[in-house]
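Asks: The structure that follows is given in the form of structure tokens.
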Amino acid sequence: MTSNSFPELTIVIPAYNAEKLLSRSINSVLKQTCRNVELILVDDGSTDETAARARELLRSADFPWRVYSQENAGVSNARNIGIELSKGKFIHFLDSDDEIREEFVEKMLNEAQTSDSDITICGQENVVDFRETPQAIFNCFPEDNRNDSFSNNFHLIVDVLFSRLALSTSSIILRKEFLSESNLRFTPGCNHGEDREFIVKAFSKARRISTVSDVMFRYIIVEGSLSHVANLRRFEDVATYFRLAKYFEREMPDERLAKIVRSFVIPTRITSAFEYLAFNGYDKKELRKISRNSSIRNSLRNFTLDRRAPNSFKEWLRCRLLLISFDLFLAVMKVKKNKLI
């Protein structure tokens, strides 16, 4: 469907082999109380009937929509294509298996326009494998956001880096003009950690960030999805934080953020990757070999205890165990895992 109108909000849905899951996201858009939207679904080289299913669901929509098909290039590229194709004043990224509440567009646009914000954030909740036992994770937002971007957004960035504030790009909308002026895009080829990298960079550049306190987005955690597959692409998440550290060192006047990334975030993401892969069927002999990599070991040695971080001592211990021996690290993680069962 095409239209010459210019909607207030463009919703971009990247989709890969999402034929069986797509109805949840699209139907949540179809139910919106505010219709001043367009929907762009980017079919990222699916081998199933994703594109056809999207057109079927959208054929009766009373707002402009488009299904754009491309060769498989990854979620980051798909979202970037959505930005380029969008006509809305604001942009929202919604994954194909997630959903937004019926008043999402109405409340988010009202807040963004009233506060003249570059970014507006809402509360989100997690639902595991569609089991209706969500855990709300909205917290930590400052009540006052003044014009000075770095000093007032610094604490938000710290909360995201320390994982005290769990956000995805689906819980925010962004002013398109802000994206263009800041030259903000997702890192092409990155499929793990791309949300966090994009959000942190956006927070660092935003003139004003506002919030909607209601939980308006539902993050559906699907076991077996790309983000839950046990392969070495898990380490893309670590590479994301190396890029962020270099970004902070190049762009930020304050050295504290780069230090947090290098001395806390990167080491903890390394241990998390090893633990996830080890307990989800990846070849332990290969992991043992990777654990001896000099770059990985140097990053683990950089870990510094930080009282602001949750479980800082536990994270320090995990780093030390992996430095001593992968097998010792694995044995201790097994004991911990068995105690939690």
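Asks: Go through the range 1-28 and give me each residue that's open to solvent by less than 60 Å² (accessible area, probe 1.4 Å), among the polar types (S, T, N, Q) and farther than 23 Å from S168 by Cα.
Replies: Of everything in the range 1-28, those that are open to solvent by less than 60 Å² (accessible area, probe 1.4 Å), among the polar types (S, T, N, Q) and farther than 23 Å from S168 by Cα turn out to be S3, S5.
Asks: Tell me, which residue of the range 29-57 that is touching a Leu at 6+ places or on another chain (Cβ under 8 Å) and within 16 Å of V105 (Cβ to Cβ) is most open to solvent (accessible area, probe 1.4 Å)?
Replies: Across the range 29-57, the extreme among qualifying residues is N36.
Asks: Of everything in the range 175-201 that's among the small types (G, A, S) and in a helix (DSSP H, G or I), which residue is least open to solvent (accessible area, probe 1.4 Å)?
Replies: Narrowing the range 175-201 to residues among the small types (G, A, S): 180, 182, 189, 193.
If we keep only those that are in a helix (DSSP H, G or I) too, we end up with 180, 182.
On the way: S180: 72, S182: 24 Å².
Looking at the filtered set, the residue picked out is S182.
Asks: Still on this structure: Filter the helices (runs of 4 or more DSSP H) completely within the range 274-327 down to those with at least 1 residues that are open to solvent by less than 50 Å² (accessible area, probe 1.4 Å), touching a residue at least 12 places away in the same chain (Cβ under 8 Å) and among the acidic types (D, E).
Replies: Per the criteria, 312-324.
Asks: Please report, ordered by residue number, the strands (runs of 3 or more DSSP E) entirely within the range 1-115 with at least 2 residues that are hydrophobic (A, V, I, L, M, F, W, C) and out of contact with any helix residue (DSSP H, G or I) (no Cβ under 6 Å at 6 or more places or on another chain).
Replies: It comes to none.
Asks: OK, next. Which of the residues belonging to the range 235-278 are more than 17 Å from S312 (Cα to Cα) and either touching a Cys at 6+ places or on another chain (Cβ under 7 Å) or among the aromatic types (F, W, Y) (or both)?
Replies: F235, E236, T240, Y241, F242, Y247, F248, F274, Y276
Asks: Pairs please, first residue from the range 44-59 and among the basic types (K, R), second anywhere and open to solvent by 20 Å² or more (accessible area, probe 1.4 Å) and in a loop (DSSP other than H, G, I, E, B), Cβ atoms under 7 Å, 6+ apart in sequence or on different chains.
Replies: Filtered contacts from the range 44-59: R53/E19.
Asks: Just to be sure before I move on: is A258 open to solvent by less than 60 Å² (accessible area, probe 1.4 Å), in a loop (DSSP other than H, G, I, E, B), in contact (Cβ under 8 Å) with a residue 12 or more places away in the chain and in contact with a helix residue (DSSP H, G or I) (Cβ under 7 Å, 6 or more places away or on another chain) in the structure I sent? Before the answer, list the steps.
Replies: Numbers: open to solvent by less than 60 Å² (accessible area, probe 1.4 Å): yes; in a loop (DSSP other than H, G, I, E, B): no; in contact (Cβ under 8 Å) with a residue 12 or more places away in the chain: yes; in contact with a helix residue (DSSP H, G or I) (Cβ under 7 Å, 6 or more places away or on another chain): yes.
Answer is no for this residue.
Asks: Looking for something in a strand (DSSP E or B), under 30 Å from T114 (Cβ atoms) and in contact (Cβ under 8 Å) with a residue 12 or more places away in the chain - is there at least one such residue anywhere in the range 202-210?
Replies: Yes, the range 202-210 contains a residue that is in a strand (DSSP E or B), under 30 Å from T114 (Cβ atoms) and in contact (Cβ under 8 Å) with a residue 12 or more places away in the chain.
Asks: Among the residues of the range 158-216, write down those that are hydroxyl-bearing (S, T, Y) and on the phi > 0 side of the Ramachandran plot.
Replies: Taking the range 158-216 and keeping what is hydroxyl-bearing (S, T, Y), we get 163, 168-171, 180, 182, 187, 204, 210-211, 213.
S163, the sole residue that qualifies.
Asks: So the check is Cβ under 8 Å with 6+ separation or different chains; which pairs have a first residue in the range 236-253 that's in contact (Cβ under 8 Å) with a residue 24 or more places away in the chain and closer than 16 Å to P267 by Cβ and a second one that's in a loop (DSSP other than H, G, I, E, B) and hydrophobic (A, V, I, L, M, F, W, C)?
Replies: What qualifies is A239/C190; T240/C190.
Asks: Would the range 80-99 turn up any residue that is more than 21 Å from S210 (Cβ to Cβ) and touching a Gly at 6+ places or on another chain (Cβ under 9 Å)?
Replies: No, the range 80-99 contains no residue that is more than 21 Å from S210 (Cβ to Cβ) and touching a Gly at 6+ places or on another chain (Cβ under 9 Å).
The values are calculated or read from the model by the stated rules, or taken from the named source; none is laboratory data. Treat the numbers as computed from the prediction; the structure is a model and nothing was measured. Glycine also receives a Cβ, built like all others from the backbone with ideal geometry; neighbour counts cover every protein chain displayed. Accessible surface is based on the protein model in full, side chains and every heavy atom, while ligands, DNA and RNA are left aside. Shrake-Rupley method; radii C 1.70, N 1.55, O 1.52, S 1.80 Å.
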